[in-house]
1. Filter segment 63-80 down to residues that are part of a loop (DSSP other than H, G, I, E, B) and open to solvent by less than 10 Å² (accessible area, probe 1.4 Å) and give me whichever is farthest from Ala92 (Cα to Cα).
2. Do you know which residues across segment 200-248 are under 20 Å from the mean Cα position of the chain (by Cα) and part of a loop (DSSP other than H, G, I, E, B)?
3. Report whether or not Thr138 is touching a Gly at 6+ places or on another chain (Cβ under 6 Å), modelled with pLDDT of 95 or more and open to solvent by 10 Å² or more (accessible area, probe 1.4 Å).
4. Could you check segment 107-119 and list, in sequence order, the residues that are open to solvent by 10 Å² or more (accessible area, probe 1.4 Å) and either within 16 Å of Thr65 (Cα to Cα) or not in a helix (DSSP H, G or I) (or both)?
5. Need the failing condition index for Ala235 against (1) of a type in the set (A, V, I, L, M); (2) open to solvent by 20 Å² or more (accessible area, probe 1.4 Å); (3) more than 30 Å from Phe38 (Cα to Cα); (4) in contact with a helix residue (DSSP H, G or I) (Cβ under 9 Å, 6 or more places away or on another chain), just the number.
6. Could you check how many residues of segment 70-125 are closer than 21 Å to Ser157 by Cα, in contact with a His (Cβ under 7 Å, 6 or more places away or on another chain) and either small (Gly, Ala, Ser) or touching a residue at least 60 places away in the same chain (Cβ under 8 Å) (or both)?
7. If I filter segment 40-57 for residues that are open to solvent by 10 Å² or more (accessible area, probe 1.4 Å) and under 27 Å from Val245 (Cα atoms), do I get at least one hit?
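The values are calculated or read from the model by the stated rules, or taken from the named source; none is laboratory data. The shown structure was predicted, so the numbers you read here are calculated from the model rather than taken from an experiment. When we count neighbours, we look across all protein chains shown, and the Cβ atoms used for this are built from the backbone with ideal geometry, even at glycine. All accessible areas refer to the heavy atoms of the entire protein, side chains included, with ligands and DNA or RNA removed. Shrake-Rupley method; radii C 1.70, N 1.55, O 1.52, S 1.80 Å.
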Amino acid sequence: MTTNKALQEVQLTEEKALWVYETMHNIRNFENTLHKHFSAGLIPGFVHLYAGEEAIATGVCANLTDADYITSTHRGHGHCIAKGCDINGMMAEIYGREDGLCKGKGGSMHIADVDKGMLGANGIVGGGFPIAVGAGITSKYLNNQSVAVCFFGDGASNEGTFHEGINMAASMKLPVIFVCENNGFAEATPIRYSSASKTIADRAKAYDIPGIRVDGNDLVAVYTVAKEAIDRARAGEGPTLIECVTYRNYGHFEGDEQKYKTNKEKKLHPVDKDPINLFKEYAIENNLLTKKQLTSIEKKSVKAIEEAVKFAQNSPIPKSESLLTDVFAD
């Protein structure tokens with residue numbers, strides 16, 4: 001697994017490090033706030049939280065621009081924030097309000113923002129593979145250097161779309177990066193029970209592409225392997241499969257009793273494994289950021305999420321006359 005070696009090789013600028021720390025805090029505060037508000041009955045529909053997996057979305061998207069694309073999962077809030085989607089619009093969307101990014105019609109599992117290259121969260125397990133491959137074909141046809149990143153979970157790696165998508169991307173050398181967020185439980189099935197291969201990264205061999213397994217709690221390690229994969233894709237050298245081993249702080253969905261976990265497995269990240277704490281220690285030890293800068297970002301993030309909640313709660317509920325606008329019907 002790529003970890004400490006990557007820590008010594010990467011060169012993060014101060015500007016990038018500030019962005020990384022703020023983005024991870026925005027994701028964590030956004031998700032912890034949703035956890036409280038969903039429990040209070042303030043949010044409609046289902047919510048699947050990303051807290052604990054912040055280093056993956058942030059480390060990958062730190063290498064992307066608005067001209068690049070991502071596809072997401074049902075656990076997509078972190079991907080949206082890291083890709084630059086407006087946090088106020090996201091919160092309003094999850095609250096089902098008119099000022100949401102999708103005018104309150106998508107909710108938590110279907111947030112999209114095409115202007116930011118965010119092609120959509122997706123309630124269908126494995127649904128992002130064909131969309132990302134399609135974006136890769138577009139980029140190759142236009143020769144515009146854009147890449148597509150397909151985020152998916154360990155459960156989706158056992159879907160047919162996983163194999164079809166990677167096979168097509170590999171055979172056409174498409175600029176697609178497949179990023180598996182392996183939290184070990186899919187929905188409620190331990191990977192040791194559902195997977196025949198020892199690692200998901202091992203499956204890359206079948207398609208003759210690089211397969212890399214990395215500590216998904218280590219922001220710098222994720223950033224480094226993602227940069228290499230994205231550089232390869234932009235150079236026309238085809239796709240890469242990256243497996244990020246991680247941990248979700250909450251259940252599969254809000255309200256999940258997590259009976260499939262042991263008491264030990266139910267505990268949150270130990271302090272020394274939390275991705276935000278790990279990056280904070282790295283930034284201080286390497287004189288990249290000061291404690292004053294870090295504290296300032298922490299306060300700024302709390303305020304940003306509080307303002308997002310106010311924005312959402314002050315946004316009107318969509319009118320019934322708008323029910324069939326901005327949607328497709330056959």
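1. From segment 63-80, those part of a loop (DSSP other than H, G, I, E, B) are 63-68, 72-76; that's our starting set.
If we keep only those that are open to solvent by less than 10 Å² (accessible area, probe 1.4 Å) as well, we get 68, 72, 76.
On the way: Asp68: 25, Ser72: 19, Gly76: 15 Å.
This residue is Asp68.
2. Ile200, Gly216, Asn217, Asp218, Pro239, Thr246, Tyr247, Arg248
3. Details: touching a Gly at 6+ places or on another chain (Cβ under 6 Å): no; modelled with pLDDT of 95 or more: yes; open to solvent by 10 Å² or more (accessible area, probe 1.4 Å): yes.
In short, no.
4. Correct list: Gly107, Ala112, Asp113, Val114, Asp115, Lys116, Leu119.
5. Exception for Ala235: condition (4).
6. 7
7. Yes, because at least one residue in segment 40-57 is open to solvent by 10 Å² or more (accessible area, probe 1.4 Å) and under 27 Å from Val245 (Cα atoms).
Listed here are the residues, each with its yes/no results for (1) farther than 20 Å from Glu15 by Cβ; (2) surrounded by fewer than 13 Cβ atoms within 10 Å (Cβ to Cβ); (3) within 27 Å of the chain's Cα centre (by Cα).
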| position | (1), (2), (3) |
| --- | --- |
| Asp274 | yes, no, yes |
| Lys292 | no, yes, no |
| Lys299 | no, yes, yes |
| Ala304 | no, no, yes |
| Ser315 | yes, no, yes |
| Leu323 | yes, yes, no |
| Val327 | yes, yes, yes |
